[in-house]
Structures are given as C-alpha cells and as structure tokens.
1. Please work out the FRET efficiency for the pair V29 and Y345, using the Cβ-Cβ distance as r and a Förster radius of 25 Å; give the result to the nearest 0.05.
2. Ordering W364, W150 by how much accessible area each has at a 1.4 Å probe, largest first, what is the list?
3. Quote the FRET efficiency, to the nearest 0.05, computed for R179 versus D202 with a Förster distance R0 of 22 Å and r equal to the Cβ-Cβ distance.
4. Which of the residue pairs K271/K362; K48/K109; K15/K320; K109/K322; K109/K372 have a Cα-Cα distance greater than 28 Å in the structure shown?
5. Output the antiparallel fraction of DSSP beta bridges having both residues in segment 70-223, as a percent to the nearest 5.
6. For segment 227-274, state which chymotrypsin sites (Phe, Trp or Tyr not before Pro) are in a DSSP loop and have at most 15 other beta carbons lying within 10 Å of their beta carbon.
7. Take the chain, connect every pair of alpha-carbon atoms lying under 10 Å apart with a spring to form a Gaussian network, then pick out the residue of F186, F195, F89 with the largest mean-square fluctuation.
8. Which values, in whole Å and largest first, are the semi-axes of the equivalent ellipsoid of the chain obtained as the square root of 5 times each eigenvalue of the Cα gyration tensor?
Amino acid sequence: MNRTIFSADHEQFRKSVRDFLTRDVIPNVESYAEDKLIAREVWHEAGKQGILGLEIPEAYGGGEAGDYRFNAVATEELAAVNMALASSFGIHFDIVTPYVVDLASENQKQQWLPRMAAGEAVAAIGMTEPSAGSDLANLKTTAVRDGSDWILNGSKTFITNGYSADVVVLAARTDSTERSRGISLFLVDTASPGFERGRKLDKVGQPEADTAELFFDNVRVPADAILGEPGTGFVSMMERLPQERIGAAVTNIAHAKQILLETIEYAKDRKAFGNSIGSFQHNKFLLAELVTKIEVARAYVDTAVAEHADTGLSAVDAAKAKWWSAQVQNEVLDHCVQMHGGYGYMREYRVARAWMDARVTKIWAGSNEIMKEIIGRDLTL
C-alpha cells in the first residue's frame, strides 16, 4: 500500500540520508563491529547531512525540522543498514537532544547544542542502573548540593554511546525521602573530574553501538547543569518517553522489513530439489504472512508517527507501538533465520546478525511486559 504520511520534502531528505549511508557508512560498517564503536568521522558526516540537528533550533546550529516525520525518515534509513546505527544516532538526536533544547539553561545550550548538531559532541542518557531498569523511580545515583554546585555519586549501566559520550543527561536522586518526586536531571560533561566509564560491554548483538557502564565519584557540576527544577526529573522523563518509544517502533519495523526483503530474494535464488525454496507452498505462504504482518504493523506505526508529529502521541499508544513492533520484528527475523537454514546461524550472514541485534528491542525503552502494564492500567484493570 502507498504510504501517505511523507511528503516530497521528506522523501528528498530520505534520499540524502540514504546517499550518505551508501557513501560513508556501508563500505566501513564491518570495521565498526570489530571496534565496537562507530567512528567519530561518521558522526561528523551525519552532522553535515543535518541528521543530528533535526531537533535543534537554527540559532544553535541545527535544522529545527519541526516535524517528527523527518526523524522517522532518518531512523528508517539508519535501521535498514543495521540496528546499531539507529540506536546510537537515535539516542543522540531523537532522545537526548529534546532534553537539552527544552530544559537546559541558555549557557548549557550554547555550550552543547552546536557541537551536538555537528557531531562533535556525542550524547548519551544515563537512566538505567543495576537495580533500576524499567523501575526508574528506584534509582540510587545521588546529587547533593554543595553551595551552588551539585555533587554526583553513583553508577549507570547498559548506556548506549556510553564509551564515546562527551555529554550525558543523567537521572539522579536529589531527595532521599521521595521516590519519583525526588529525581532530577543533570547535564554532565564527561571530561569532569570523577567521571569514569567502564569497558565496552560485550553484548549479544549490535556490536557497532558502544555500550558501557558509567561511574560518578564526587563529580561536581555547576548549578545550571540541572535540567528543569529539582524534583521534576521523573516527570520530564515520562513526558519524553513516548518519543523514545515511537522511535523504537519505527526502528523495529524498518529493520525487520529490510531483512525480510533480503530473505525474499534469498528464497528466490536458493535452490532445493531443483526449485527455488520460495516456490514451495509452505515458504510461499510463510513469506506472504510475514509481508502482511510487516505492512499492517507499519500502518499502525505510521499513524502513530503522524499523530506524534501533529499533536504528540499518548503514553498508552506509544506503549502499544513499542511492544507490538518489537514482537513483530523478532517473529519475522526468527522466520528469516529459519528460511536461511544453517547459513542463517552464521554471523557472516546479515540475517544472523539482525536476529541477534533485534532481541533487545523487547527489553529496552521499557520492557514489553511494562508496556502491557501501561496499556492494562489504561483499561482500568
């Protein structure tokens, strides 16, 4: 079916993103997996293409698209190459940047936004802790006043871009007597004394996306490093989680669609018993089911993208898009692996790497179980 949410301007932007990826990323993508890191020059090129400044006002060096559909276009093209690119760049331009634009002081905006738009400063978000994943209100990292400054202590784990980040939006507890209302957000320069990062974590998938633990040992930050008012951090996170989750949904479907298309071509070319394996009724019917499943899921996600661009997506609808797209993605890719047979289990094949890359999507951005809890509560159950 024809997609109706994108205009000619969106498609022109899509072409520029695709050209950038074809020219500057795809020829070198294998080296990123080996290094467990996306090269900094790629970040610079992404900045030149305007990908990293979609949420940043022109006054700070960004493009300020003012239309979430452009974010979705960039995310789809990144995900078609691999999940790690969409994850790393998405954290930077789609998730962290709005916190800085909406909540940072003018001084902090001047310091960070031009560099973030240009890819000169890589951003990460520090929410998850060993004892606080989906339960963000249970975090232990603390921020204590010392004069006009704040002193940060604690640790974060599973942080995408954590090894390469120059700036981190950090969630910390500023009031030990409160749960959610005792959490505040801070903008932390990783060059600050007392900040340390652990090794690159050895994940099952997405090796190109550097992921690390972060440690804060009496890290001193100035008064204007706080994002918003003290105690409003949890609310700020909840307000911005729908964008994170619709971004995850866009990534999930675009990634699965690309691998499915490649699997269809494989099924046409691979021969068994004198015929292409795609001509066998079971495989033909299976591929028909998978194509339909992807298109139906994408139609819902497209509707969610359009609503988010126009009025903002509700937390409940974002939860629906996130969990269902992750479920569909993993089901489709598992079938794609099966259709490749033994080759589908070899890391040298894209389908195997995609299968490993996708498993985390049912866990991160709020586990699928938490998404169903959100939806269930809305049903007053």
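The values are calculated or read from the model by the stated rules, or taken from the named source; none is laboratory data. Since we're looking at a predicted model, the values are computed, not measured. Quick reminder, even Gly has a Cβ in these numbers, built from the backbone with ideal geometry, and neighbours come from all protein chains shown. Surface accessibility is based on the protein's heavy atoms, side chains included, excluding ligands, DNA and RNA. Shrake-Rupley method; radii C 1.70, N 1.55, O 1.52, S 1.80 Å.
1. 0.75
2. Numbers: W364 75, W150 15 Å².
Result, largest first: W364, W150.
3. Efficiency, from the Cβ-Cβ distance: 0.10.
4. Exceeds cut-off: K271/K362; K15/K320; K109/K322; K109/K372.
5. Approximately 85 percent, going by the DSSP bridge assignments.
6. Passing both the DSSP loop test and the Cβ count: F273.
7. Top of the fluctuation ranking is F195.
8. 36, 22, 21
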